[in-house]
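Engineer: Structure incoming, see below.
Please treat every number below as a calculation from the coordinates, not as lab data. Values in this document were obtained by computation on a predicted structure and should not be read as measured data. Positions of Cβ are generated from backbone atoms using ideal geometry, with glycine treated the same way; all protein chains shown enter the neighbour counts.
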Amino acid sequence: MPLTPGPDTLICSARECTHDAVNAVVWSNPKIHYGRHKTWLACEEHTQTLLEYLKHRGFPAEVKTLDEIENDSTSD
């Protein structure tokens, strides 16, 4: 069964933000996400805020560009 296409515009995951995403914050909670990662989309303004939020909680996280995420998904 093919997946339906997503939205035309990728929006920042920060609360109440409606800006276009330019980065992806890739993270995991090792206690419950063993072997898999979550991805939050982020605009330029919120990339650092989202990253700091996760790092403060001790979750491994990194910032990737949307192009890097696209390339990662097509190489599987």
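Engineer: I'd like the Karplus ³J(HN,Hα) series for segment 19-30: coefficients 6.51, -1.76, 1.60, θ = phi - 60°, whole numbers in Hz, and an x wherever there's a Gly or Pro.
Structural biologist: Rounded to whole hertz, the list is 6, 5, 6, 10, 9, 10, 9, 9, 8, 8, 9, x.
Engineer: Provide the FRET efficiency to the nearest 0.05 for the E62-E16 pair, computing r from the beta carbons and using R0 = 30 Å.
Structural biologist: With R0 = 30 Å, the Cβ-Cβ based efficiency is 0.75.
Engineer: Continuing with this model, one more query. Search the structure for amide H atoms under 5 Å from the amide H of I11, placed 1.01 Å from N in the peptide plane, and list their residues when 5 or more places away or on another chain.
Structural biologist: It is A21, by chain and number.
Engineer: Quick check on the chain: helices-only [θ] at 222 nm, where DSSP H runs of length 4 and up contribute -39,500 (n - 2.57) each and the sum goes over total residues. Nearest 500, please.
Structural biologist: Working: 2 runs with 19 residues, N = 76.
Calculated at 222 nm, the ellipticity per residue is -7000 deg cm²/dmol.
Engineer: Follow-up question, since we're still on this one. Dipole size in debye (nearest 20) for the chain around its Cα centre, Lys and Arg Cβ +1, Asp and Glu Cβ -1?
Structural biologist: On the way: 7 positive and 12 negative charges, 122 e Å.
Here the chain has a charge dipole of around 580 debye.
Engineer: Rg and Dmax of the chain over Cα atoms: what are they, in angstrom?
Structural biologist: Reported Rg and Dmax, both Å: 13.1, 40.
Engineer: Turning to a different aspect of this structure: Using modelled amide H (1.01 Å from N, peptide plane; none on Pro or chain starts), what sits under 5 Å from the amide H of K38, excluding residues fewer than 5 places away?
Structural biologist: The list, which skips near neighbours in sequence, is W27, S28.
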